[in-house]
Each structure stands twice: as structure tokens, then as C-alpha cells.
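The values are calculated or read from the model by the stated rules, or taken from the named source; none is laboratory data. Keep in mind it's a predicted model, so treat the numbers as computed, not measured. Here the Cβ positions follow ideal geometry from the backbone for every residue, glycine too, while neighbour counts run over all protein chains shown. Note: accessible area is taken over every heavy atom of the protein model, side chains too, but ligands, DNA and RNA are not part of it. Shrake-Rupley method; radii C 1.70, N 1.55, O 1.52, S 1.80 Å.
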Amino acid sequence: MKSKTRVILIPIAMALVLGASLVAVPSKAIASDAVLQVVAVQVEPGELDTYLGKIKQLNEITKRLGTQGTTRVWRATLAGDATGTVVVGLEFPSLAAFAEASKKLQADAEWQKLIDSLAGIRTLVSQSLYEEISP
């Protein structure tokens, strides 16, 4: 009788431990560590194609340097006073990847020259860093 009880209790105990461990996992451990750098700008009239061309060049530099970032660009269309604002998002798998990419980009002369060339075609509205907390 003792061995039958043990055979039944072991799977039940394992199921309880597994269930308790799932409930006890902090939400931070479940959420992604991804971060998103968002740069919002107002592009000068007639300069959107030039600006997008420069963003493409910047993206090529990030690839050359082997950063782990992904670049996407949006334009606000139904945004009240912000309509027309262009938003560039650079997503990284972690804050550490963002920091490593930032260090490489800041040290790259071609990157710096290209960033400087943006001054005449756009006005910086905001720059933010977001941390993903999706459930």
C-alpha cells in the first residue's frame, strides 16, 4: 500500500510545485527586455525624401557596425498638432544591446557626420527610450 501511495503522490506533488512556480514568477521575468529608442522630428517642407535617404544611410551604418537594432520610420497622419511628425524607432533586444550600439555609433565618424547633416532638414521634437513591459 505504501508504494501505491508514493506513486500517486509524486506526480501530484510535482504538479503542485510546477503550478506554484508559474504563479510565483515575477512579471519582469516574463516581460521582454526589449527597448525602443524613439526620435520624433519635424522635417522641413520638401525634404522628406532627403531625410528618408539619410535614415537609410544611418541604417546601413548600424548594419556595418553589427548593432542589434531594427529601424522603422512612421509619419503621424491623424495626430492633431503633431500631424506630419516623423518618428524613427530603433528597437533593441535589451538595454545592454542598446548601450553597446550607442557606444559603437558615437565612436563612428561616418555616423557622426551623417547625424550632423540632419540639422538643416529636420527639427528634433523629442527623444525617448521605452522599455517593453508586454504581458
Problem set entry | Assigned charges on the beta-carbon of Lys, Arg, Asp, Glu; segment 29-135 dipole about Cα centre (debye) | 240
Problem set entry | Solvent-accessible area, 1.4 Å probe, carbon plus sulfur percent, for segment 28-101 | 55
For this session: Towards the positive end of the charge dipole of segment 29-97, with charges on Cβ (+1 Lys, Arg; -1 Asp, Glu), say which of Ala40, Gly53, Thr67 has the farthest Cα.
Result: Thr67
Exercise. Once you have the alpha carbon radius of gyration of segment 56-135, what is it after dividing by 2.2 N^0.38 Å, with N set to its residue count?
Worked result: 1.21
For this session: Please state the charge dipole magnitude for segment 74-123, taken about the Cα centre, from unit charges on C-beta atoms (+1 on K and R, -1 on D and E), reported in debye and rounded to the nearest 20.
Result: 60
